[in-house]
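Presented below is the structure to which this report refers.
Nothing in this text is a laboratory measurement; each read-out follows from the coordinates by a stated rule. All of these numbers come straight from a predicted model, not from anything done at the bench. Note that we place each Cβ from the backbone using ideal geometry, even for glycine, and neighbour counts take in every protein chain shown.
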Amino acid sequence: MAFRSPAQPHPVACARAVVVGLSMLLMACSADGGDAGRSAGSERNPEMWNPFKGKSGASDAPATVVAPELKGALVAGGTFPSEAPAATLKGATCTDVHVAGADGTAQWSDAPMPGQTRHGFRVEGLPGQPPLLVLNGRRAGSRMFELWELAEDGTPRAKATREVRLDPGQASWAGYVAEQVLCMPGGSLLLTVRYDNPSVRRGLWRYAPAGDRFERIAEQIEPDPFAGLPPVYVGMLPVRADAALALYHTGALRLAAEVYVNRADHLVLFSARHPDGLPILTLGIGEGNVERWTIVGNTLWLDAIDARKKGQPVRYVWSLDLSPVLPD
């Protein structure tokens, strides 16, 4: 049996309408792919939850699946441990940056200046790779990001550019903007991309710099319902110095006006042993949305809430042994 807390209204559910409403207001102010156009909005096309389908309805509660490589099961119960200090990751770093000026004469800016700077992500420390810059901007009237190999002098100037190949049909998209870039162990980058095809959505891509290859992980991802503003679409938890977990969310379910939960949470392990990412767990809403997560030794702990029933959220504590897939 899963551990359940007393049924009490969860503060996140009560504040969700305010958070999403503010997000949509910020989205409406978005003008372009630069710093003036950074959007905190969450565009959704959700399914309305029907409580009469029952908790295990197929459209509401995807199956929870543990990767066979773990050779074990998700364990219910126990007390969520005190969150231990996260491990310090070694390897590449991804840093939010702002770039002022035109190509060829651009300079780093200490702060965003609407209409004058472009938002991007500087990537340094990739083995065998030059520093990279994922830079948002406009080309031919469309919002898009570019991928630059930076010059050796440390300025934001392109020594070379790499083609951004997200999708065979991206030429028909109205635009695509990088909203988050994470440096993962094993040399991969995870990019949250806001794209218009034709409706606006966020998707998740993995970029392998060594092979200069983009791979789509999820066509549409949803914000963390517990993160507030600005929305967080992908979380990262260091496991060891050379391994980390990524957490993303899919399948928005609308509970009420501007009140949402997600149908599934997805956890993926990245390491030198699994540079492309190993999906270790899909957690269906029937087992809750992850509010907190931590690592103790080789064990992953999840504190999750199923908030679909108004005023009667159900809390679960789960643990999962990661030993079989962690670096030796």
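Can you tell me which of 224-236, 101-113 comes out highest on packing, and rank the rest after it, using the mean Cβ neighbours within 10 Å? Let's see the in-between values first.
Details: 224-236: 18.9, 101-113: 12.8.
Descending packing order for the listed peptides: 224-236, 101-113.
Add +1 for every Lys or Arg and -1 for every Asp or Glu among the other residues with Cβ under 12 Å from the Cβ of LYS90, and state the total. Show your work: numbers first, answer last.
Numbers: positive: ARG240; negative: ASP242.
Residues close to LYS90 contribute a combined charge of 0.
Contact order normalised by length for the range 180-240, with contacts defined as Cα pairs under 8 Å and 6 or more residues apart; what percent is it?
Details: 91 pairs, mean separation 13.1, N = 61.
Averaging sequence separation for qualifying contacts and normalising by length gives 22 percent for the range 180-240.
How many nm separate the modelled label positions at SER82 and LEU229, each set 7 Å beyond the Cα in the direction of the Cβ?
Label-label distance for SER82 and LEU229, simple model: 3.5 nm.
Under a straight-distance cross-link criterion of Cα-Cα below 14 Å, which aspartates and glutamates are reachable from LYS309, leaving out those fewer than 8 residues away in the same chain?
Counting by Cα, and skipping residues close in sequence, LYS309 has these aspartates and glutamates nearby: ASP60, GLU287.
When Lys and Arg each count +1 and Asp and Glu each count -1, what net charge do the other residues less than 12 Å away from PRO131, Cβ to Cβ, add up to? Spell out each step's value before the answer.
On the way: positive: ARG122, ARG157, LYS159; negative: GLU124, GLU149, GLU152, ASP153.
Charge balance near PRO131 sits at -1.
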